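Contents: one structure, followed by commentary.
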Amino acid sequence: MSYPADAILVLVDVTPTGDAAPSTAALLGAAAQIGTPVALVAAPAGTAQAAVDAAGSAGAAVVLTADADATALTVPLVDALQAADALVRPDAILVSNSIAGRDAAGRFAARAERALLVDAIGVSRDDEGIVAHHSVYGGAYLTDSAATFGAPVITVRQGAIDARAEAQQAQVEELSVTASGAAAASVGAIEAVEATSSRPDLRGAARVVSGGRGLASKEKFVLVEQLADALGAAVGASRAAVDAGYIPQSHQVGQTGVSVSPQLYIALGISGAIQHRAGMQTAKTIVAINKDGEAPIFDVADFGIVGDLFTVVPQVIEALEARKK
Ligand SMILES: Cc1cc2nc3c(=O)[nH]c(=O)nc-3n(C[C@H](O)[C@H](O)[C@H](O)COP(=O)(O)OP(=O)(O)OC[C@H]3O[C@@H](n4cnc5c(N)ncnc54)[C@H](O)[C@@H]3O)c2cc1C
């Protein structure tokens, strides 16, 4: 069959349970802005029907399925990308900037000798081809990048893209993949970690409430969690809060932590050091509560409250709870 001349190949991140990762809708939304989305679902045969369906609902015109060995790390995804790329001849390949996505994108770009444009917060098309947009140096600059030849491989920051594509009756096709036999680490076992919280994951969350050193103790950090729960938000933290033992490192937002791009980011008792801003500056709406009116966090905040967070936050929670009644 022939594929659309403006095809954009999207590698869907498939979870070990065969679902499409939450990044899928934004990847396909971005692809639809610059061409016709063709999704690639690479997973052991017959295990990822949910991901195939999700790709269609999220706007893929065509879904290619590839039987990928789950016991080998990354190489089966790269082999599938290579086969899909040769078949579809897309104008760009979009991959989530997740850990697995970054790995696959890097290896594929090296193998196919393509430009790798990383951590894009947007994509567009001009007369010469596909352009990726980035927020760099801690959000201080917006830059564009494009490839001088070949379809670029673009990793897309989770949560950065609002565009969504219309659901499609996707045409599903089995992709034939020749295993490259390239060296791959093997996966010994996959163990599901019991979710200890019903809060959303920090990466990709639509709302994030983060706390800093201003929370003063692990016991008082609970206030951050209470506001997060009132908003259905994920919990983040500054490095100072992590170093002080208020919360585990996996919650750290910033240069040496997680980068987030939520619709709403609330910073409580966080000064707004450049290393923290690097991980949250692309949030759509930033709210800061800090008792120091000169704190740099207010430079990037859309809304700021200068006040003691222990006075302000309980009132915010009360107001939110009152609205729910
Ligand atoms: C290489 C490197 C990498 C780094 N990576 C990261 C990173 O990934 N993420 C990160 O966050 N940091 C990172 N840092 C650390 C960063 O430079 C800052 O030290 C850190 O972000 C400060 O955290 P904070 O804002 O919580 O603390 P502080 O800077 O101490 O700020 C605390 C704030 O709380 C306010 N406050 C205090 N009490 C109250 C109250 N009762 N009510 C309201 N406000 C109150 C204060 O006014 C102050 O503004 C990195 C640093 C380096 C050198």
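The values are calculated or read from the model by the stated rules, or taken from the named source; none is laboratory data. Bear in mind the structure is a predicted one, so any value in this text is a computation, not a measurement. Quick reminder, even Gly has a Cβ in these numbers, built from the backbone with ideal geometry, and neighbours come from all protein chains shown. The accessibility values were calculated without ligands, DNA or RNA, using every heavy atom of the protein model including side chains. Shrake-Rupley method; radii C 1.70, N 1.55, O 1.52, S 1.80 Å.
Some points to look at:
- Among the residues making up the range 233-248, those that are part of a loop (DSSP other than H, G, I, E, B) and within 9 Å of the ligand (Cβ to nearest atom) are Ser238, Ala244.
- Failed criterion for Val41 (all others in (1) open to solvent by less than 10 Å² (accessible area, probe 1.4 Å); (2) within 18 Å of Val172 (Cα to Cα); (3) assigned to a helix (DSSP H, G or I) hold): (3)
Yes or no, residue by residue, for (1) within 24 Å of Ala170 (Cα to Cα); (2) within 18 Å of the chain's Cα centre (by Cα); (3) surrounded by 22 or more Cβ atoms within 10 Å (Cβ to Cβ):
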site: Gln49; (1), (2), (3): yes, no, no
site: Val78; (1), (2), (3): yes, no, yes
site: Ser98; (1), (2), (3): no, yes, no
site: Asp103; (1), (2), (3): no, yes, no
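- Reported count of residues in the range 224-256, each being within 19 Å of Ser271 (Cβ to Cβ), in contact with a helix residue (DSSP H, G or I) (Cβ under 9 Å, 6 or more places away or on another chain) and either assigned by TED's automatic domain parsing to the domain that holds Gly139 or open to solvent by less than 60 Å² (accessible area, probe 1.4 Å) (or both), is 16.
- So Val63, is it free of Cβ contacts under 8 Å to residues at least 40 places away in the same chain, open to solvent by less than 10 Å² (accessible area, probe 1.4 Å) and in contact with a strand residue (DSSP E or B) (Cβ under 8 Å, 6 or more places away or on another chain): no
- Top-ranked residue in the range 212-223 [being part of a helix (DSSP H, G or I) and within 11 Å of the ligand (Cβ to nearest atom); ranked as least open to solvent (accessible area, probe 1.4 Å)]: Leu215
- Condition met for Phe310 (aromatic (Phe, Trp, Tyr), open to solvent by 30 Å² or more (accessible area, probe 1.4 Å) and either more than 7 Å from the ligand (Cβ to nearest atom) or assigned by TED's automatic domain parsing to the domain that holds His134 (or both)): no
- Some residue of the range 263-281 being part of a loop (DSSP other than H, G, I, E, B), within 15 Å of the ligand (Cβ to nearest atom) and free of Cβ contacts under 8 Å to residues at least 12 places away in the same chain: no
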